[in-house]
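Taking it in order: structure first as structure tokens, then the write-up.
The values are calculated or read from the model by the stated rules, or taken from the named source; none is laboratory data. Being a predicted model, the structure only gives us computed values, none of them experimental. Here the Cβ is made from the backbone with ideal geometry for all residues, glycine too, and neighbour counts use every protein chain on show.
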Amino acid sequence: MPPVIINLKTIPNMELPFAESWRIKMIEPIRKSTREEREQWLREADYNVFQLKAEQVYIDLLTDSGTGAMSDRQWSAMMVGDESYAGAKSFFHMKDMISSLTGFGYVVPTHQGRAAENVLFSALVKEGDIVPGNSHFDTTKGHIESRHAFAVDCTIDEARDTALEHPFKGSVDIAKLEAVLEKDAARVPFIIVTVTNNTAGGQPVSMENLRQVRRLADRYGKRVVFDSARFAENAYFIKTREEGYAGHTIKEIVREMFSLADAMTMSAKKDGLVNMGGFIATRHQDWFEGAKRFVIPFEGYLTYGGMNGRDMEALAVGLDENTEFDNLETRIHQVQYLAARLDEFGIPYQRPAGGHAIFIDASKVLTKVPKEEFPAQTLTVELYREAGIRGCEIGYILADRDPVTRENRFGGLDLMRLAIPRRTYTDNHMDVIAVALKNVYDRRESITRGVKIIWEAPLMRHFTVKLAPACD
Ligand SMILES: *Cc1c(COP(=O)(O)O)cnc(C)c1O
């Protein structure tokens, strides 16, 4: 039988295709480069893409953190920023928005998410403590381990199988969490749940799972912190994937999520839709008092804590915009569009596509590169070499060394993250990314050697590590 060719012209009342929920008012030119230029720039950057200059990058997928485009409403809000040192109007605009979205009455501004961690953990985490959670983000882990405490990962095992489809792959394994509490409750200052679970691939956590964590925490008298960088994307997945939530607004879902937490740390550079900023919010006065002690010396006064008035205004608007369905749908649709292109080429990634990024499973692409030579970092270098596209290793280099044995940690996944900045690139850019990656994928068998470490920092080494091509 010959294939049936459908003549689109004969279909009546066609469904309209999907399109972005915004239009573009300002553009920024970007530039391609030659392979020779990129070879040299890679050498100069010691094969660490963090060390590249941004203008040496054509499509920048290093991170979705602070790299998004603000709206006309946000830019205009910046003009009314109140730069008073204390008690600025802009602080209260931001605080009121956070409180109305989350129900948390206390808000402590910080310059970004890790600063929120630093301030809150300074008050709460001490040597020997155990902080269980779901795949702690690298700065979160860093702020726990630098205090000689331990981050125990209780993510569900499904998250480790990148080929497995699971609607809420970021969730906490309640049995693992219970085992930690049963054995060491006295050493646990709080439980931390990351929404969405960045490290596991931007994978969401279900409302049901958040409820189970809450119940367990209550049984042991523990508090729960949400690491909330992508809470709005998490709410989108709850709405579109979890039974009973299709009819809820994003704002209703967000409110319900935070009703299950005691506090949040926030990198506003993600779902806050701003280029810089962060905060702590909590319902507990004692935690607020604890954070106050550290925000002033580390960050700044209580009503700005490292942010300008104008930035707090833009954040208030960003939080409002990004808890609306249309904005989130446009965003997630683009990530899923890229995933569908990769499916056409058979390129393996953490399935299903995450909220903010595609995580390529490097161990399944560069099968000839030994893990000691960091396959995901090697793939990151190859993709840059191919087309000037900058991804980011979320793998064995980022995993740092074990704080006790100082051995490399090869136990987790070895992924290359392609993070999609919010409202920044078009689907045409997604096509370029997909084809560039296909070209690397096609020559994967010929890539047999990776990279070796020449120099590394003791903590969070991936930002500054110096590498060289591995050879004998
Ligand atoms: C980005 C991020 C942080 C740290 O925030 P910064 O603003 O980069 O300091 C913490 N947790 C998660 C889950 C993040 O994605």
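Anything in the range 94-118 that is basic (Lys, Arg) and either buried (at least 21 other Cβ atoms within 10 Å of the Cβ) or away from the ligand (no atom under 16 Å from the Cβ) (or both)? List them, or say none. Give the steps one after another, and end with the answer.
Step one: filter the range 94-118 for residues basic (Lys, Arg), giving 95, 114.
Across the range 94-118, the qualifying residue is only Lys95.
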Next item on the list: Could you figure out which of (1) within 16 Å of the ligand (Cβ to nearest atom); (2) in contact with a Ser or Thr (Cβ under 9 Å, 6 or more places away or on another chain) isn't true of Phe91?
Entry: (1)
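Can you pull out the residues in the range 1-44 that are assigned to a helix (DSSP H, G or I) and at pLDDT 95 or above? Before the answer, list the steps.
Going through the range 1-44, the residues assigned to a helix (DSSP H, G or I) turn out to be 8-10, 35-44.
Residues satisfying the conditions are Arg35, Glu36, Glu37, Arg38, Glu39, Gln40, Trp41, Leu42, Arg43, Glu44.
Output the residues belonging to the range 218-245 that are touching a Lys or Arg at 6+ places or on another chain (Cβ under 7 Å) and surrounded by fewer than 24 Cβ atoms within 10 Å (Cβ to Cβ). Before you say what the answer is, go through the steps one by one.
To start, the set of residues in the range 218-245 that are touching a Lys or Arg at 6+ places or on another chain (Cβ under 7 Å) comprises 224, 229-230, 245.
Val224, Tyr245, listed by residue number.
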Notebook entry, point to check: If you go through the range 138-163, how many residues are more than 16 Å from the ligand (Cβ to nearest atom), touching a strand residue (DSSP E or B) at 6+ places or on another chain (Cβ under 8 Å) and under 19 Å from Glu208 (Cα atoms)?
Noted result: 1
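Conditions tested, residue by residue: (1) touching a strand residue (DSSP E or B) at 6+ places or on another chain (Cβ under 7 Å); (2) farther than 18 Å from Asp64 by Cβ.
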| residue | (1), (2) |
| --- | --- |
| Glu165 | no, yes |
| Ser171 | no, yes |
| Asp184 | yes, yes |
| Pro189 | yes, yes |
| Ala200 | yes, no |
| Glu208 | no, yes |
| Gln212 | no, yes |
Check: What's the number of the condition Ser135 fails, among (1) within 16 Å of the ligand (Cβ to nearest atom); (2) at negative phi; (3) in contact with a strand residue (DSSP E or B) (Cβ under 7 Å, 6 or more places away or on another chain)?
Finding: (2)
Notebook entry, point to check: When residues of the range 418-461 are filtered for being at pLDDT 95 or above and either over 24 Å from the mean Cα position of the chain (by Cα) or assigned to a helix (DSSP H, G or I) (or both), how many remain?
Noted result: 29
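Among Ile420, Ile394, Ile433, Ile447, which is more than 30 Å from Leu273 (Cα to Cα) and in contact with a Leu (Cβ under 7 Å, 6 or more places away or on another chain)?
Working: Ile420 fails: more than 30 Å from Leu273 (Cα to Cα); Ile394 fails: more than 30 Å from Leu273 (Cα to Cα); Ile433 fails: more than 30 Å from Leu273 (Cα to Cα).
None of the others qualify; the one that does is Ile447.
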Next item on the list: Would you mind finding the one in Thr140, Thr155, Thr102 that is over 23 Å from Lys269 (Cα atoms) and hydroxyl-bearing (Ser, Thr, Tyr)?
Entry: Thr155
Notebook entry, point to check: What are the residue pairs meeting all of these: first residue in the range 103-119, first residue polar (S, T, N, Q) and modelled with pLDDT of 95 or more, second residue in a strand (DSSP E or B) and within 8 Å of the ligand (Cβ to nearest atom), Cβ atoms under 7 Å, and 6 or more apart or on different chains?
Noted result: Thr110/Gly278; Gln112/Ser267; Gln112/Gly278
Notebook entry, point to check: How do the pairs read when you match residues in the range 400-418 that are more than 15 Å from Asp361 (Cβ to Cβ) with residues anywhere that are among the polar types (S, T, N, Q), using Cβ under 7 Å and keeping only pairs 6 or more apart or on different chains?
Noted result: Arg401/Asn408
Next item on the list: Could you run through the range 270-285 and say how many residues are within 13 Å of the ligand (Cβ to nearest atom) and surrounded by fewer than 24 Cβ atoms within 10 Å (Cβ to Cβ)?
Entry: 2
Notebook entry, point to check: In the set Trp41, Trp75, which member is free of Cβ contacts under 8 Å to residues at least 24 places away in the same chain and aromatic (Phe, Trp, Tyr)?
Noted result: Trp41
Next item on the list: Quick one: count up the residues across the range 202-252 that are more than 22 Å from Glu324 (Cβ to Cβ) and within 12 Å of the ligand (Cβ to nearest atom).
Entry: 3
Check: If you take the residues of the range 214-253 that are within 14 Å of Met266 (Cβ to Cβ) and not in a helix (DSSP H, G or I), which of them is farthest from the chain's Cα centre (by Cα)?
Finding: Val225
Notebook entry, point to check: Restricting the search to the range 179-221, which residues are touching a residue at least 40 places away in the same chain (Cβ under 8 Å) and touching a Pro at 6+ places or on another chain (Cβ under 8 Å)?
Noted result: Val180, Leu181, Val188, Ile191, Ile192, Val195, Thr196, Asn197, Pro204
